[in-house]
1. Checking the condition open to solvent by less than 60 Å² (accessible area, probe 1.4 Å), among the hydroxyl-bearing types (Ser, Thr, Tyr) and in a loop (DSSP other than H, G, I, E, B), which residue from Ser176, Ser171 passes?
2. Which of the residues that make up the stretch 1-15 are away from the ligand (no atom under 11 Å from the Cβ) and under 13 Å from Gly308 (Cα atoms)?
3. For Asp58, indicate whether it is among the acidic types (Asp, Glu), within 16 Å of the ligand (Cβ to nearest atom), farther than 30 Å from His160 by Cα and open to solvent by 30 Å² or more (accessible area, probe 1.4 Å).
4. Within the bounds of the stretch 77-94, is there any residue that is modelled with pLDDT under 95, open to solvent by 40 Å² or more (accessible area, probe 1.4 Å) and within 16 Å of the ligand (Cβ to nearest atom)?
5. From the residues in the stretch 232-251 that are surrounded by fewer than 16 Cβ atoms within 10 Å (Cβ to Cβ) and in contact with a helix residue (DSSP H, G or I) (Cβ under 7 Å, 6 or more places away or on another chain), which one is nearest to Thr170 (Cα to Cα)?
6. Restricting the search to the stretch 284-314, which residues are open to solvent by less than 50 Å² (accessible area, probe 1.4 Å) and free of Cβ contacts under 8 Å to residues at least 60 places away in the same chain?
7. Quick check, is Asn50 part of a loop (DSSP other than H, G, I, E, B), in contact (Cβ under 8 Å) with a residue 24 or more places away in the chain and within 16 Å of the ligand (Cβ to nearest atom)?
8. How many residues are in contact with a Gly (Cβ under 9 Å, 6 or more places away or on another chain) and either hydrophobic (A, V, I, L, M, F, W, C) or in a strand (DSSP E or B) (or both) when one looks only at the stretch 285-314?
Amino acid sequence: MATATAHPNIALVKYWGKQDKPGNLPVSPNLSITLSELTTTTTVSAADGNQDAFWLNDVRVEDKKVDQFLVHLRERFAIENLQIQSSNNFPTSAGLASSASGFAALITAINAHADLGLNAVALSEWARVGSASAARSIFAGFVALVPPLWRAQTIAPPDHWPLHTVVAVTSTATKSVGSTEGMKRSRLTSPFYKTWATSGSDDFAQASDAIGQRDFDALAQIAEHNCLKMHAVMLTSQPALAYWNSATVACMEVIRQLRAAGTPVFFTIDAGPQVKAICLKQSVATVEQALQDVAGVQRTMSCGMGPGAQVTVP
Ligand code: PMV
């Protein structure tokens, strides 16, 4: 039996779209911060019966992505049937990157349980097979997933620039269109998809520079721009992928007002209605209070920069 933990990551330069070839490869370079506090904990042991069994938050579930992932893994390694128990201390499948922390924790636990001998780079490559964003959750701090090998790597450790993320939860409903299907829809139908895909490299370079120089305003400008471009692609897909609700929009407005009044903070939003406000430690209380006051915000959660995936019970 082995237990591993991993944390979600929030992309400041996002990918939305996959290459048309095997390996779950993003269409453009992307860059994230790994969060602390929000945690997936996964325990893997030998299955009692003659098939795999997966429990998510104490409920036995069939998960096609997990099944497919195990099929791929067994093409390379002889792994017995597994009992997998995974739990999140945050809402699952609602745009909080639970698949990123989920696959990062899963491969880390399987590696320890089945003694596969994978190092961090290989763990990250396997995590990417489950969900491309999961490749980033293997690593701590500021993490890039870049061509040509599409291997994730830490470009700056958490203490380089200890940013904080305040998550405003505006709905805990499971998202209606998952990211794999949504990305395919955007690739096939959004008139802006090509521009989005080709502009990713410039956004990545600008964000990397801003992080290197700890230039908050520059990072705020490029991260919000990149996020809004992705949502422009989503909204112009057919049928439209509209992940926001009215509280999402209200949170964006509050964050803009805070920034205009001198609080360094910017927003980013993934394939769900939650708003992530990135700020410095001294502004966390102000940002949390302002977001809690927004109608429709159910709760806020505050996270620092997190570590990579870890085995907790070998
Ligand atoms: O790799 P997935 O299936 O978790 O999709 C991630 C999609 C976004 O969160 C919207 C963007 C990103 O780069 O994390």
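1. After ruling out the rest, the residue left standing is Ser171.
2. Of everything in the stretch 1-15, those that are away from the ligand (no atom under 11 Å from the Cβ) and under 13 Å from Gly308 (Cα atoms) turn out to be Ala4, Thr5, Ala6, His7.
3. Working: among the acidic types (Asp, Glu): yes; within 16 Å of the ligand (Cβ to nearest atom): no; farther than 30 Å from His160 by Cα: yes; open to solvent by 30 Å² or more (accessible area, probe 1.4 Å): yes.
Answer is no for this residue.
4. Yes - at least one qualifying residue is present in the stretch 77-94.
5. Going through the qualifying residues, I end up with Ala242.
6. Ala290
7. Values: part of a loop (DSSP other than H, G, I, E, B): yes; in contact (Cβ under 8 Å) with a residue 24 or more places away in the chain: yes; within 16 Å of the ligand (Cβ to nearest atom): no.
The answer is no for Asn50.
8. Qualifying residue count for the region: 1.
The values are calculated or read from the model by the stated rules, or taken from the named source; none is laboratory data. All figures in this text were calculated on a predicted structure; none of them were measured in a lab. Cβ atoms come from the backbone with ideal geometry, glycine included; neighbour counts cover every protein chain shown. SASA here: full protein model, heavy atoms, side chains in, ligands and nucleic acids out. Shrake-Rupley method; radii C 1.70, N 1.55, O 1.52, S 1.80 Å.
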